[in-house]
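Heads up, the thing below is written out as structure tokens.
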Amino acid sequence: MVPVILGLSFILFSIMELTPGDPARAMLGEYAPQEEVEQLREQMGLNDPFFVRYWRYVWNALHGDFGVSYRTNIPTVTEIKNRFPATLKIAFFAVLIAVILGIPVGIISAVKQYSAIDISSMVSALLFTSIPPFWLGLLMILLFSVKLHILPAVGSETWKHFIMPAIAMAAAQMATLVRMTRSTMLEVIRQDYIRTAKAKGAAPARVIFIHSLQNALLPVVTAVGISFSNLLGGALIIENVFGISGLGTLMVESVTGKDSPMLISSVLFAALVGGFVNLGVDLLYTFIDPRVKSQYLKRGAK
Amino acid sequence: MRKFVFALMLVLLFVPAALAGKADNSVSVRNVSDQKTFDPYRTTDLVDWQTHYQIFDSLFWETPDGKFVPALCTDYSISPDGLEMLFTIREGVKFHNGDVMTADDVVFSLNTAIASPFTSKFTSVMKEASKVDGKTVKLTLKHPYKPIIGCLVSSSTSIVPKKVYEADPDGFGQKPVGTGPYMLKDVRSGESITMEAFPDYFKGEAKVKTHIVRVIKDNMSALMAMQSGTLDRMVPNQDYSDRQAIIDDPNLVYYEAPQACSFLVAFNTARGPFADKRLREAVARAIDKEELILGAVNGMAEPTDEGIVPLCPQAPKGFKGLEYDIEKAKALVAEAGYPKGLTVTMRVIGATNYTKPAEILQAQLRNIGIDMKIEAMDRARWFDLVLNKAQFDVTFYAHAISVADADFCTYPFLHSSQLNGKGTNYMGVNIPELDECLDKARSSLDDAERNKEYLRVCEIIRDESLYIPCYTGKRTVAAVKDLKGVFADPMQRYYIYNYSW
């Protein structure tokens, strides 16, 4: 993880350096005289050579100081701390909804292949993958806030505020999960050992949940992990639509405001979180996949 | 039965969310971006200013009809040479922390504003503030300046408590203390700001007890938040696309005011093809402003001929620009040495209020043999290339004013002292007669004399075709019907203190 973080910080630093626009100018506004912009640049240490500034950033970061936002003058870590909970909540609820609805529907579709349930769930899955989340979000606001007045349109003060954003985010993930669960289940169901299990008289529920599902779940868990870490990186469009401030808006604001410290810190944070989620998924494998488990055990034995 | 109880529970659970601001005497407004700071001296952002107007007071206030009246001062005088101003400080004004405002606070605030690079738009003319006695403050100017009161209305010259600001200048931006009608209560970073009425406000406690500012980036969801009662006031889309939806909604009211800027075609008059005056004049004669307005902003603008924002009192009335004349324009292009036409590039900021008119202009200029390529770019890049480095042939831009005075839309753009990055004379204008007019108009305190000078300025802009003023749009505000005291302001300034249910 350390080389990833270091490399990423270097790339981000270079990108912010190479893209046009001057942070001092962005702060002072369009009509500020050049002299004053120069003065502020000097104050901010922007006139030092690239590597000096990069080294200063790394050195300070190693000492736990990730800099202060150019735009707001607030420490970047504090800002991330303020914004991350909203992103975490949306991501968590979205994944929860996707898993709770997606996997069972996928299983039913697979078990009852080509039935009416299967076809209708496949069609709606296709529909949900194709609907852009922001559009779904706007439609939901129109229905639940403007027409029915039962959910708040914008903000993130209470749990009610999270219902619509989470569903809007979940829709596409859920559709992916349905299709994935269905296809892997279908593959597993055709395996010899399932026929054996059925032949030896195991109950259908046991065949589905123990023999098939456990084996079919592996790629699904990977997919859930990936989508969770993606969502944790912030969901700009959903945040914009629902007036929620998460990591996504923070990053975009930082890019447009030429706020390099804020951008680097928030992207690094997202990378870190993504890394940990992937690690968590890998660890989860040891519980559900006996092959992986035995590998670890063997290595341990050597 | 069970189903019914469940449904009832659901309804009961959700009902409070639908209550509008009227029920709890609060006003929620929309901002398009987040608050950067609450320090009035460290921002140039309109979005920040709007909140500062609620938390702080300045020496002067703007009334709904656009007049400037004393706020934190009770009286003022200007010396005959126009270089010194004396303010009598209002007595018994309290800050949010309970301290009484003193002359020292006013002196400190003004001097901090003068020293800050962020406030130069309003303070560059000020030299220093000093204390005369316990209730009198003197402000010295670098030269006489008629629009000075307008500068002292700005939130950039807000009055802060010296003791609090000095104790922690960096922390002030997060824990502001002012004399204004509202105190900052809670900030949800990037999402909302909650303010509460200050009971000891010197004009009496505000009628609206809670003021909430919400950051909603998406125009559609902001409008729906208005319709669902979460929001009470917003600034609608700049391209007027949601205008009809708001007008048609019986619960909403659409307010309009003239915009404090002129949209214009600006040339690089120092380098490139448009250094030739004939070519500039050709463009001026080839633009059909009515068609441009219709195509670019759905007809929601007024054509302008004068080179000064029409809102300024100095803008000459009934001023006529060059006449639309395609044949003459074609002849001018040929005369300038391009009988077969030429290709130029227009660099614009990649936002619809610049790209849409650019496309119409492209079509109009094709009529006279000018093939104009449009290069739309990021705002920051445009400012770097066009405004700072003058690397452009022609652009479409808006000259905006922060105080309704012609000085704001002429001097920084046209005076030769503002060339080469010292100011914003990106067009490379260097005409001694123009400099003279601008200097005279700037330092004169006589309205008639200033009007005369600015008329001459407009004539020079037209005769030299320095830039082509095209139109001025409308500032708009949408608010729920029951909210009183709302109006659209050209500078987008508003005081929630004027609002009531």
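The values are calculated or read from the model by the stated rules, or taken from the named source; none is laboratory data. These figures come from a predicted structure and were not determined experimentally. Ideal geometry is used to build each Cβ from the backbone, glycine not excepted, and the neighbour counts take in all protein chains shown. Surface areas here come from the heavy atoms of the whole protein model, side chains and all, with no ligands, DNA or RNA. Shrake-Rupley method; radii C 1.70, N 1.55, O 1.52, S 1.80 Å.
Annotations
- Reported count of residues in the stretch B:39-74, each being away from chain A (no Cβ under 14 Å) and either part of a loop (DSSP other than H, G, I, E, B) or open to solvent by 10 Å² or more (accessible area, probe 1.4 Å) (or both), is 19.
- For the stretch B:336-375, residues that are over 30 Å from the mean Cα position of the chain (by Cα) and among the hydroxyl-bearing types (Ser, Thr, Tyr) total 2.
- Note on the stretch B:315-387: no enclosed helices (runs of 4 or more DSSP H) hold 3 or more residues that are among the hydroxyl-bearing types (Ser, Thr, Tyr), touching a residue at least 24 places away in the same chain (Cβ under 8 Å) and touching a Cys at 6+ places or on another chain (Cβ under 7 Å).
- When residues of the stretch B:185-196 are limited to those that are surrounded by 21 or more Cβ atoms within 10 Å (Cβ to Cβ) and at pLDDT 90 or above, the one farthest from the other protein chains (Cβ to nearest Cβ): B:Met195
- Scan of the stretch A:47-75 for residues that are more than 14 Å from chain B (Cβ to nearest Cβ) and of a type in the set (A, V, I, L, M), ordered by number: A:Val52, A:Val58, A:Ala61, A:Leu62
- Consider the stretch A:88-119 and keep the residues that are touching a Ser or Thr at 6+ places or on another chain (Cβ under 9 Å) and not aliphatic (A, V, I, L, M). The one that is nearest to B:Leu46 (Cα to Cα) is A:Lys89.
- Among the candidates A:Gly201, A:Gly243, A:Gly225, residue that is assigned to a loop (DSSP other than H, G, I, E, B) and free of Cβ contacts under 8 Å to residues at least 60 places away in the same chain: A:Gly201
- Filtered residue count, the stretch B:258-294, keeping only those that are assigned to a loop (DSSP other than H, G, I, E, B), closer than 26 Å to B:Thr352 by Cα and of a type outside the set (Ser, Thr, Tyr): 5
- Test: residue in the stretch B:242-251 that is polar (S, T, N, Q) and within 14 Å of chain A (Cβ to nearest Cβ): yes
- Among the residues of the stretch B:75-106, the ones that are touching a residue at least 12 places away in the same chain (Cβ under 8 Å), of a type in the set (S, T, N, Q) and assigned to a loop (DSSP other than H, G, I, E, B) come to 2 in all.
- Whether a residue is modelled with pLDDT under 85 and either within 14 Å of chain B (Cβ to nearest Cβ) or more than 30 Å from B:Val187 (Cβ to Cβ) (or both) was assessed, and A:Gln173 does not pass this test.
- Residues located in the stretch B:323-346, provided they are charged (D, E, K, R) and either closer than 21 Å to B:Asp305 by Cβ or open to solvent by less than 50 Å² (accessible area, probe 1.4 Å) (or both): B:Glu323, B:Asp325, B:Glu327, B:Lys328
- Some residue of the stretch A:231-246 being open to solvent by 20 Å² or more (accessible area, probe 1.4 Å) and within 30 Å of A:Pro290 (Cβ to Cβ): no
- Taking the criterion of being of a type in the set (Asp, Glu) and either in contact (Cβ under 8 Å) with a residue 40 or more places away in the chain or out of contact with any helix residue (DSSP H, G or I) (no Cβ under 6 Å at 6 or more places or on another chain) (or both), the residues of the stretch A:31-55 that qualify are A:Glu35, A:Glu38, A:Glu42, A:Asp48.
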